[in-house]
Amino acid sequence: MNRQRRRFLRAAAAGGLAYAFGRTPGTVHAQMSGGGGFSDYKAMVCLFLFGGNDSWNMVVPTSAAEYDAYSNARGGPLGVGSGLAVPQASLLPLTLQTPDPNGATYGMHPSMGGVQELFNAGRAAVVANVGPLIRPTTKSQYQTAATTGHALPPQLFSHNDQQDQWHSLRGRAIVRSGWAGRVADVLNSQLGAQQLPLNVSLSGQTFFQAGEVATPYVMGAAGANAFAGFGTGGTPLARRTAFEAIANANYGTVYERGYASVQRRAVQYADRVNGAITAARDFTALPNAGVTLSPLATQLRTVAKLIDVRSRLSMSRQIFFVSTGGFDTHDDLAADQPGLLGNVSASIKSFYDALTEIGMEGSVTLFTQSDFGRTLTSNGDGSDHAWGGVQLVVGGAVRGQNLYGRYPLLTINGPDDVGGGRMIPSVSSDQYAGTIARWFGINDANLPLVAPSIGNFAQQDLGFLI
Amino acid sequence: MNHSTILGSRWRLILAGATLAVLAACGGGGGDTGVVPPPPPPPPPPVTKAEAFRFLNQATFGATEAEATRLIALGDSTNAYSRWIDAEVAKPAGTLLPQVEAAFATLSTQPNFNLQQLNAPRVEKWFENTLRGSDQLRQRVAFALSEILVVSQVGALQNLPFATADFYDMLARGAFGNYRQLLEDVTLHPAMGVYLSMLGNQRAVAGTNLRPDENYARETMQLFSIGLVELNVDGTVRRDTQNQPIPTYDQNIIEGFARVFTGWKWACPSTNPNCTFANTRAQNTPVANYNQIRPMQLYPDQHETGTKLVLNYSGVTLPNATIPAGQTGAQDLAAALDNIFNHPNVGPFIAKQLIQKLVTSNPSPAYVQRVAERFNNDGSGRRGNLEAVVRAVLLDADARSSPTGNAAATAGKVKESLLRLTQFWRAYDGRAASGRYGAQPVNFPGGVSSIFGQGPGQSPSVFNFFSPSYAPPGEIANGSFVAPELQLATEYLNTQVTNFFWTQAINRTTAQTGLAADTMFIDTREEQALVADSEALINKVAEKLLGGAAQMSATLKSEAKAQIDRTAAGTAGNNNTRVADAIYFVVTSPEFALQR
């Protein structure tokens, strides 16, 4: 065990969660929430786009000079030679609330009418050029980092390492927790008798939700599955009791204990979820039957249902993880991107609409994360791993119809390009996560526990949430 | 030899008094009186059933009582294991491709045929090979390799079923070969070419934004050979003076390898022998010499001819770690693969992953080092001999001796969920009336991955079903241990798997009639014969699944036994429930999830 972690655990055991990322350990500061639990409900929904979304084609400049730079960098129109640029005329206009002082305008990928509509209605925002950073970084600082020691996230442009950066915001420290997991660690004492863990995944185990202390709960895309062979009386009930006794027994290896604890939680939470979720609404926007939903929309329907039955489960704060994959478009960008982004847009729009059916759109913020942005340059019919990119934030609490951060001029070898059209983020994932965590209820004193590098940035809240 | 100095006088006295008859029986070699020969060393103990189960769960798709008996009969504990391995290494590889080709012949004549339908026969054949095949060690190593050198039917390969099957067969054939050769075979296999987009990778074109694809260049180093950071030979991470890990490569080196891997595409179709880079295509019909199962072909006009920066390390042979300009694509490839293969990381990187897949999630650095050193030199000066590496993994003292003290809590690993299934079916002679194995959808509605979280050739990405560094929150993460397979043991998937086993135990056995022809059923006749005696019944199940009744915890045994007895023996239905409860509680137990 590394020393920092041991320190964290020792302090945690002593009652005050000391926290350390190779820096001065802090403590969790008492959160002001009126003493006993939150009186309101808030949920964040992380939509992870696995593979590295080519987001320079998701939100694209439409003003002449900026579009020309983009189109040149991408080698001309999609489908012509090795070109990757979305044709200008096909882009769906985004109407900025505050026009760009230099006259830049932007459009959405033609498959994303749903998100365009939310944006123009003030329910969605664009955060431009966000990615992992430890401190603000210029191109010359990047180029000389090896000699100056300017801190950069390790293993830039690698899938799993950059996913880990988004999940954990770890910088160069070695950590065992994700930022949502640490939100749970900080808020745990204020949640009252929540019947489920604060973190719920609809899409498998994720580092994002692993706490130093708190453990997430993983259910299926369509909800929790019940145990066959168990029942509420007689031999089937006894079978369940015996099963739980076995899961509760002591075992000699960490592996048996780890497995047994999953079995134990599975029985416990399946009851709670299944007992509550049957009371959830059949949403018009995400119906139970009659329409074939994509796997992503199915996950979001389950999230909407759980939000609908939040009081039955005594939940006041929840973080949901949903995902969709296939974004590693080294090949076939022209053929694949419309389907990938179209699904994202339609699923987000349906989810937002479902929330309006229960009046909860103001309490729920959906945001995207992805491994990395991709190269502006082409490898023939696709793009490669890069760094900064564009993310979306959606919900009634979003100060929408705005672009946050700084959308770079997309030129090869320009001031933001470290080579091949790999753009240095203008805002960090820490700032992005920190903004969401503050809205969720993390106070400023605790913010560095969630986003450890945030102190290195002047602006700790990017302002896209109320 | 003067025995008395070896034994010491006290021992001589005791021996003289106590073993006279034995000594007399020795026949008095040499005729010297007064010197007592030493006792023969005690013969090495035989392999116990529990030890045989442990070994076979490391080396096969699941221990069975029959195979344990066979192993035990091969000799004592110093030679039975190596003799067993000797025989395994000599066995030819069971394959997947012929079944896929045969399925094509049958299915392609039907209306609405599409190539994706041919993934299912590959999965069925995989179950048949792992449940029935005799080349168990080869298949188990191939499966481990398939989780390191990953391709998947999920994604770009979905319509290339022949290439996907042939890739796995290539791993099985190469499981005891040389890693350098395997790396080359993998690099040039069209399945990998498509999966990581080296197939069709073009040279840069001056004056345009076109440059080589970096996908294969990056992943072959990160995942298939050296990893991201420099390692010591024992697998621990080297650190610089600021205590930071030292990256093995940077973006410039990735771009160098990306340039190496240009110019390769589908071999010319047998129907178009004078094809070009632009017009070569996959052959989707298994005609003679079709290109889905042939290595990719070099198209020199699309190969980058300039210099290429490659890996630099102590002992690197290329001057300036640079491949010179003007070589052919084949020469560049050979130089690049040699450069990767001889990096000092490869031994510990591959050794540790094979140990983790076969034996334990948390090997000691000394164990990793012993195996890595066999990778570096098999004893006759060869590097990368996988047969020697596999022997080193399985015959190591850490794999064979029973761990004690603190190490006992982290010895072994969690079984992959798919391997829990194969072990269960092997132990219970799982089969279907149709002769097919694991056919969809009757056995796996939604596919095997939707229940077990994994299926052969069905990884969600090149990063496999689980990460070798996954550590769940709690004592495993707190202790800086890992438990990779627990990444799949989510509440959701564990429930899916647990329910699968319940259905199997209660509804799909030799006690049922009217099962669908493809339904996998288990043979419970021995359990049925013991059904009236709950103690004997639960012990029988533990003998088959755990290698002995003593392997059950007291809680498992007492809870399972009590549950069995809640249903009175007698009627067929009740007997079925009693047998089902016995099997269900053992197969879903933490003891069974653990590979010791």
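Throughout, read-outs are computed from the coordinates displayed, never taken from laboratory work. As the structure is a prediction and not an experimental result, all values here were calculated from the model. With ideal geometry, Cβ positions are generated from the backbone for all residues, glycine too; neighbour counts draw on all protein chains shown.
Here is how the numbers come out for the structure above:
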| read-out | value |
| --- | --- |
| Radius 14 Å from Cβ of B:Ala282, net charge of other residues (Lys, Arg +1; Asp, Glu -1) | +1 |
| Spacing of the two label points (7 Å from each Cα toward its C-beta) at B:Ala433 and B:Arg382, in nm | 5.0 nm |
| Efficiency of FRET between A:His150 and B:Ile246 - r from beta-carbon atoms, R0 22 angstrom, step 0.05 | 0.80 |
| Crossing angle, helix B:179-188 versus chain B [Cα axis fit, 0-90 degrees, rounded to tens] | 40 degrees |
| 21 Å Cα-Cα threshold exceeded, pairs from A:Lys42/A:Lys305; B:Lys415/B:Lys544; A:Lys42/A:Lys349; B:Lys91/B:Lys544 | B:Lys91/B:Lys544 |
| Assigned charges on the beta-carbon of Lys, Arg, Asp, Glu; the range B:346-410 dipole about Cα centre (debye) | 100 debye |
| Residue order, fewest to most beta carbons within 10 Å, for B:Leu56, A:Leu293 | A:Leu293, B:Leu56 |
| Amide N proximity, the range B:158-199 versus B:Asp86 label position 7 Å along Cα-to-Cβ, cut-off under 19 Å | B:176 |
| Theoretical ellipticity at 222 nm over chain B - DSSP helices of four or more residues, -39500 (n - 2.57) apiece, nearest 500 | -13500 deg cm²/dmol |
| Charge dipole of the range B:512-596 about the Cα centre (unit charges at C-beta), most positive-ward option of B:Gly570, B:Gln528, B:Ala542 | B:Ala542 |
| Fully extended contour minus Cα-Cα distance, from B:Ala550 to B:Ala366, at 0.36 nm per residue | 63.2 nm |
| Fraction of beta bridges assigned by DSSP in the protein assembly as shown that are antiparallel (%, nearest 5) | 50 percent |
| Relative contact order [Cα under 8 Å, 6+ residues apart], the range B:490-595, whole percent | 30 percent |
| Label-reachable residues, the range B:547-577, where backbone N falls under 11 Å from a point 7 Å from B:Ser402's Cα toward its Cβ | B:551 |
| Between 0 and 90°, nearest 10: helix B:136-146 axis offset from chain B longest Cα axis | 40 degrees |
| Antiparallel bridge percentage (DSSP; both residues within chain B; nearest 5) | 90 percent |
| DSSP beta bridge pairing in chain A, given as percent antiparallel to the nearest 5 | 40 percent |
| Where labels lie 7 Å past Cα in the beta-carbon direction, separation of B:Ser469 and B:Arg70 in nm | 4.0 nm |
| Span from the the range B:172-213 Cα centroid across to the the range B:544-596 one, whole angstrom | 49 Å |
| Size of charge dipole - the range B:403-474 - debye, nearest 20, with Cβ of Lys, Arg +1 and Asp, Glu -1, no other charges | 120 debye |
| Over the range A:79-134, relative contact order from alpha-carbon pairs under 8 Å, at least 6 apart, % | 29 percent |
| Charge dipole of the protein assembly as shown about the Cα centre (unit charges at C-beta), most positive-ward option of A:Gly342, B:Asn443, B:Pro468 | B:Pro468 |
| Given charges at beta-carbon only (K, R positive; D, E negative), |dipole| of the range A:217-276 in Debye | 40 debye |
| Rounded FRET efficiency, nearest 0.05, which uses the C-beta distance separating B:Arg132 from B:Gln110 and R0 of 41 Å | 0.90 |
| Spin-label model distance (nm) - B:Asn279 vs B:Ala321, 7 Å beyond Cα toward Cβ | 4.4 nm |
| FRET E, pair A:Ser314, A:Ala226, Förster distance 30 Å, beta-carbon r, rounded to 0.05 | 0.90 |
| Helix axis angle, B:119-132 relative to chain B longest principal axis, alpha carbon, degrees | 30 degrees |
| Fully extended contour minus Cα-Cα distance, from A:Ala289 to A:Thr356, at 0.36 nm per residue | 22.2 nm |
| Chain B: relative contact order as a whole-number percent, Cα under 8 Å and 6+ apart | 14 percent |
| The range A:184-199-the range B:49-85 distance, computed between alpha-carbon centres (Å) | 49 Å |
| Expected 222 nm ellipticity per residue - DSSP helices of 4 or more, -39500 (n - 2.57), all of chain A, to 500 | -10000 deg cm²/dmol |
